[in-house]
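One structure is given here, and the rest of the page talks about it.
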Amino acid sequence: MDSSERKRLLGAAIRRERERQGLSQRKLALMAGSNQTYIWHIEDGSVSIGLDLLCRIADSLGVKVADLIDF
């Protein structure tokens, strides 16, 4: 599995959890200290995500980072 596939899988996991909780990308971005456009790119799998932001997203969603990285 290459890095682009990992980014796509991570983005899909974040999107699934966000939608499961009924959160908009904008709301998640505000909670995680980011912006909606960057969250969109993360969920799309088109950008890399730093560990700090990944931790903030997981905290905002109330899940463990490991729950988002299931690959």
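State all residues of segment 25-61 that are in contact (Cβ under 8 Å) with a residue 24 or more places away in the chain and at positive phi; if no residue qualifies, say none. Gly45 - this is the single residue of segment 25-61 that is in contact (Cβ under 8 Å) with a residue 24 or more places away in the chain and at positive phi.
List the residue pairs whose Cβ atoms are under 9 Å apart, where the first residue sits in segment 1-13 and is closer than 13 Å to Ile49 by Cα, the second is buried (at least 17 other Cβ atoms within 10 Å of the Cβ) and aliphatic (A, V, I, L, M), and the two are 6 or more positions apart or on different chains. Pairs found: Lys7/Ile42; Lys7/Ile49; Leu10/Ile42; Leu10/Ile49; Leu10/Leu54; Leu10/Leu68; Gly11/Ile42; Gly11/Ile49.
Values quoted throughout were computed directly from the atomic coordinates according to the rules given, and no laboratory measurement underlies them. Note that the structure is a prediction, hence the values are computed from the model and not measured. Ideal geometry is used to build each Cβ from the backbone, glycine not excepted, and the neighbour counts take in all protein chains shown.
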